[in-house]
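Reading through the structure tokens given below for one structure.
Any read-out appearing in this document is the output of simple, stated calculations on the displayed coordinates, not a laboratory observation. Keep in mind that this is a model prediction, so the values were computed, not measured. Neighbour counts are summed over all protein chains in view; Cβ atoms, including those assigned to glycine, are modelled from backbone coordinates with ideal geometry.
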Amino acid sequence: MHYRNVVCLLSCSLFLSSAWGCRLDPPEHNIYQKQGKGVVYLRPYKETNLSLPDVNYKSLRRLPNLLIDPTTLDKWDKVPPLTDLTTDYLYEGAQAWYPHYSWHSDGRNILYAGEVVQNPPGTPPVDVASFKAWGDFAADKHSLYFEGKRTDDNGGGNSLDIKTLHQVEFRPPWDPDLLGLILRDANFLYINGHRLADPDSFRVLAQKSWDQRGKFSTAFNPCVAMPFGPWDTLARTRTKILINGEQLDADPDTFSVVRWMPGSLLTWRDKNGLQRKVLDKEKLAWDEDLTKHCLDFSLLEKKVFWRKGPACKQEELPGLDPEQFQPISDAVAQYQDSLYTIIETESGDRKLEIVKLDDPNLIINKRFNAGKRHGYLLTRAEGWPYHSGLHVFESDGPLILLDNRSPDEREAHLNDHPFLRRWYARDNRYIYSFDGAQLWRYRTADPKQVRLIWKEQHSGYGYGVNYKTGYLDGKITDDGEFIPAPRNEATK
């Protein structure tokens, strides 16, 4: 299965720093090495190496990555010298391998991922003298390139404007684009090496993770870079619809998704009717074969299944649209205004319960979710590390989350289970504290007076960042009542 290249500026930024909680395993690097009068490209993760007999090893250098501005780097981020021919590597994420390759040249040839770049017949040859690189994108005076292949012409009125060329960064809530590279200059977009007009009209429509187990799955590993990645990115310009940078034959103004299996399949409807595009034939076949995986909820192209019993016994949930069925954790999925919950006992028996939400517009996207008169908690049981669950409780009036700085799932995992970081809420009578495994409820005379104190702490997992943890500002009496600390009138 082929995975598109991930654009990374420095190798040191791809891994979490080592500490007692996470162990750093640096990848084996691909290496350009002298062999006879030529070069061999060593690939530790492949069965074969690549022989380059016509490449001059003595003159071989890595081309500068012009996306990197050395003046903006942190002091510990150092760009290796261009004579370092060991910077290519692949690293393993939660769902895929991510290659990190650089462009190289010996003055006569351009190389990418151990292969000499050669343009197709009928196109200008590679011009080594004018060749420049920006991550996986490159250009010479005649051509544009991406991941070692010629992608477009370069010249005339459509020439690349090097002075204004820069990478397009996705702003929150969107995640970085792992499956492509988007650049722009004053006049055009350059998406995976292809030139597009209307650069100001580009916007992201949606993203979808390849990991369909839900972002609260117990398989979450905070020690893995990008634990939910990669993810498909659906975007548009004024005239184009794009999936991971690839242009679709679709009308942007009437486009709507019918079925999106990230990394595998995209089916849509527009003014021309229903259209279906296979993104990866092998991955789609794997996704559709229930014998290949043993997920608690399996979303096929047209069907939804849940794991009913041992030995991966699957049962179909008839009449459900898989595009609207959203797994949340190992035990909980949302379908419209209902939660599908797998109940599992210590004996291994499993049954499915359907919980109707008290608010049809509520989206379960946090560990602590507030309905109109109910709280919906996504739990992980203590002493049972691979068991998720759902806890529903009735509140005394409207439930208000104190989530102005609620921890996300990575932050929540930065400490031992149960989570040190907590989620808080209040209603007309009580204050609630939830640590991911257990819920505490305290009476309080005036819930509106309850405040949190935020303290900055250092992650025990060595992430190299500090984070803030919320604590109730006040005291808890022996009989379970919470008394808020007196408020300073001057700071109200």
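See the values below:
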{"read-out": "Whole-Hz ³J(HN,Hα) from phi, Karplus 6.51 cos²θ - 1.76 cosθ + 1.60, for region 122-127, glycine and proline x", "value": "x, 10, x, x, 4, 9"}
{"read-out": "For ALA250, distant residues with modelled amide H under 5 Å away", "value": "ILE241"}
{"read-out": "Over region 289-357 - Rg/Rh using Cα atoms and the Kirkwood inverse-distance radius", "value": "0.94"}
{"read-out": "3J(HN,Hα) from dihedral phi, region 262-279, Karplus parametrisation 6.51/-1.76/1.60, rounded to Hz, x for glycine, proline", "value": "x, x, 10, 8, 9, 10, 9, 10, 9, 4, 9, x, 7, 10, 10, 10, 7, 7"}
{"read-out": "Relative contact order %, region 63-211, counting alpha carbon pairs below 8 Å whose residues are six or more apart", "value": "15 percent"}
{"read-out": "GluC sites (Glu not before Pro) lying in DSSP loop within region 103-173, provided at most 16 other Cβ fall within 10 Å", "value": "GLU169"}
{"read-out": "Derived scalar couplings ³J(HN,Hα) [region 136-142; Karplus, 6.51 cos²θ - 1.76 cosθ + 1.60; whole Hz; x for Gly, Pro]", "value": "7, 8, 8, 7, 10, 6, 10"}
{"read-out": "Protection proxy ranking of 310-317, 243-250 - average other beta-carbon atoms within 10 Å, highest first", "value": "243-250, 310-317"}
{"read-out": "Trypsin sites (Lys or Arg not before Pro) restricted to region 319-377 and DSSP loop, no more than 11 other C-beta within 10 Å", "value": "none"}
{"read-out": "Cα-Cα over 21 Å, subset of LYS37/LYS58; LYS303/LYS351; LYS292/LYS366; LYS34/LYS149; LYS208/LYS283; LYS163/LYS240", "value": "LYS292/LYS366; LYS34/LYS149; LYS163/LYS240"}
{"read-out": "Calculated P(r) tail over 17 Å for region 89-233, as whole % of Cα pairs", "value": "66 percent"}
{"read-out": "Proximal aspartates and glutamates relative to LYS448, as straight alpha-carbon distance under 13 Å, when same-chain residues fewer than 8 apart are discounted", "value": "ASP427, ASP473"}
